[in-house]
Amino acid sequence: MRYRVFHRWIFVALCVLSVGLLEWPARTRAQTLGGITVVPPTIPVPVPVPVTVSTVLGTGTLAPGSLDSLYSELDSISTSLVSAEVPSARVIGYADQIASDSYLSSLNLTIAGIAIAAASAEAAARGPLDGSPGDATSYISSLSINGVEVLIDGTVNQTVAIPGGQVVINEQQVLSDGTLVVNALHATVSGVADAVVASATAGPSGGSASAVQATTY
């Protein structure tokens, strides 16, 4: 009886030793790695994309009810994005309305490698301060995209597709308070750039005008 008990304890001891030997290489390997504890991978935090907004020749904003005027004009503009001749922007305040307009000629705009050219571009808006309907117009002559002439049909918000985005001609919007916003040309390439050429705003929210405003991402 005593021999059987002793034999059974030897068997148990050998089993425990075998398990320990099976785990030993893994423990040794962990030590050779410096005892690093494996943790679940973390989700990377998105890096904010830099956004740059630049206005080439703008009037700033004229407050509604102001009997003043803002005017800006240059012989020419030339940046890595756009070049144009005689750009001008103007806002005039009246007791009951605001009038604004913007103009430029010899436009050459490059956005995401897409070349947009026009002989001239102009936008004008006249907005009553009481929110009643106003007037908005725009004109573009000899428009081309990558050297291909674009037929302008005279409709509001005429849209032309370009790689990765679109060009809107005679873009017009009426804000909730009746303020008019008109852009002769609005080119966008998703996630790359957003450029507005010849823009005019007028109405209860105030008035402003700019030759070119561009946002790059």
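Only the coordinates and a few stated rules stand behind these numbers; no lab work does. Quantities reported herein were computed from a predicted structural model and do not represent experimental measurements. Quick reminder, even Gly has a Cβ in these numbers, built from the backbone with ideal geometry, and neighbours come from all protein chains shown.
Under 11 Å from the 7 Å Cα→Cβ point of Ser190, by amide nitrogen: which residues of the range 136-163?
none
Beyond 23 Å, what share of the Cα-Cα pairs of the range 46-178 remains, rounded to the nearest whole percent?
Result: 44 percent of Cα pairs exceed 23 Å.
Just to confirm the filter: which chymotrypsin sites (Phe, Trp or Tyr not before Pro) across the range 66-138 are DSSP coil and have at most 16 other Cβ within 10 angstrom of their Cβ?
Here the sparse-neighbourhood loop sites are Tyr94.
Can you work out ³J(HN,Hα) from phi for every residue in the range 133-146, in order, using Karplus 6.51 cos²θ - 1.76 cosθ + 1.60 and θ = phi - 60°, giving whole Hz and x for Gly and Pro?
Going residue by residue, I get x, x, 10, 9, 9, 8, 9, 9, 10, 6, 7, 9, 10, 6 Hz, with x marking Gly and Pro.
Which log10 I(q)/I(0) values does the range 105-170 give at q = 0.14, 0.22, 0.26 Å⁻¹ under the Debye formula, counting every alpha carbon as one identical point scatterer?
Results for the range 105-170 at q = 0.14, 0.22, 0.26 Å⁻¹ read -0.49, -0.95, -1.20.
What length, rounded to one decimal in nm, is gained on full extension from Ser76 through to Ser105, with 0.36 nm per residue of separation minus their alpha-carbon distance?
Roughly 9.5 nm would be gained on extension.
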